[in-house]
Amino acid sequence: MGFEFVGGVGRAFGHVLRPYPARDIPSGSMLELPDRGPVFVTDSGPRDAPVVFLMHSVLTTGLLCWYPVIPELNRRYRVVTMDQRWHGRGIRSDTFDLRDCADDAVAVADALGIDRFTAAGFSMGGGIAQLAWRRHPGRVSGLVLCSTGPYFSTRDPDRRAQSHRTARVLAGVYRVLPAPRAARLDDTSAHTTVWAMRQFLSTPLSHMGHFGEGLGAFDSRPWLGEIDVPTSVVVSTRDRVVEPARQQLLIDGIPGARRFEVDGGHACCVLGARWFIPPFTEAIDAVNDTTLRPAGPEQMEGTSVT
């Protein structure tokens, strides 16, 4: 079952079994968004630095997906994470739609007094980042799209149906496992394995079918060519969930998009963090460097980390 939402289960358990050490994890708090609801947000790094908004993958949380890169980014960026709808301590709603997730992210930026930001998304988060640019002109100053594409494989009706069947099975598992309390989620003194498991269990597995519906409805191919902000695409070259050819569609479709490579699979942001962090930070720098000269042929290939 090599598609996004089901693959997320295996990746989440992989985080638990082989975690990247958790260091300098920022503390967060619940933020009430008017007419939307409460959401867990972290906001770390220099207040006067350029803002990077990190948008997480399916079946993770803002911190579980991004904790390895935050300390490095905090050296020169203000970094914001949030839990998306029905993930972790995200907003609870009747439906799950990536358009709502994009609107939520901009609502968080409004609440924090942030006008413009780089939207960086991993897998599902890449779709949310693209929609934030599309739906809120002028708010997104740059895009960094990682292990993602212009559509998800859950567009296939059979795979959507399978996601609902899987959700029904896992719903029973979720009812047996104790949901972690907020205080436990905030306990960063625990071993990384314990902390990661708590983060994973904070997302109700019974909503996997809804996640599949939301992912399946996304398709940016009709308007990729309209994206007019600096864009970096971080390609996971061994990805079996969002295959490299689908990631390449972003580079081919977005004017001036720059390619960066990481020698890893679909969980490389955590399971392959030591290989992911260098090209990812370079990709962030590329869209924030206003003095960057036009890239030559060798630069357009970006950085390959092996």
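Given the whole protein assembly as supplied and a 1.4 Å probe, what does the accessible area of T231 come to in Å², nearest 10?
10 Å²
Need the C-alpha centroid separation for the range 230-283 versus the range 35-108, integer Å.
Their Cα centres are 20 Å away from one another.
Ordering S220, S141 by how much accessible area each has at a 1.4 Å probe, largest first, what is the list?
Ranked from most to least accessible, the order is S141, S220.
Residue by residue through the range 26-37, what is 3J(HN,Hα) from phi via Karplus (6.51 cos²θ - 1.76 cosθ + 1.60, θ = phi - 60°)? Round to whole Hz and write x for glycine and proline.
Computed from phi, the couplings for the range 26-37 are x, 7, x, 7, 7, 10, 8, 9, x, 6, 10, x Hz.
Whose amide H sits under 5 Å from the amide H of H266, counting only residues 5 or more places off or on another chain, with H placed in the peptide plane?
Amide H neighbours of H266: R240, V241.
Please list the non-local residues whose amide H lies under 5 Å from the amide H of R258, H modeled 1.01 Å from N, same-chain partners needing a gap of 5 or more.
For R258, the qualifying residues are T231, S232, V233.
Separation between the I114 and D228 pseudo-spin-labels, each 7 Å from Cα along Cα→Cβ, expressed in nm?
About 2.3 nm separates the two model spin labels.
Search the structure for amide H atoms under 5 Å from the amide H of L33, placed 1.01 Å from N in the peptide plane, and list their residues when 5 or more places away or on another chain.
V39
With all protein chains present, calculate the accessible area of L59 using a 1.4 Å probe and round the result to the nearest 10 Å².
0 Å²
On a 1.4 Å probe surface of the protein chains, which of I25, I227 comes out largest in accessible area, and what is the full order?
I25, I227
Within the range 96-124, which residues have the backbone N less than 20 Å from the label spot 7 Å out from R47 along Cα→beta-carbon, could you tell me?
108-118
Just order 101-109, 32-40 by mean Cβ neighbour count inside 10 Å, highest at the front, would you?
Output ranking for 101-109, 32-40: 101-109, 32-40.
The values are calculated or read from the model by the stated rules, or taken from the named source; none is laboratory data. If you're wondering where the values come from, they're calculated on a predicted model, not measured in any experiment. Using ideal geometry, Cβ is built from the backbone for each residue, glycine included, and neighbour counts are taken over all protein chains shown. Accessible surface is based on the protein model in full, side chains and every heavy atom, while ligands, DNA and RNA are left aside. Shrake-Rupley method; radii C 1.70, N 1.55, O 1.52, S 1.80 Å.
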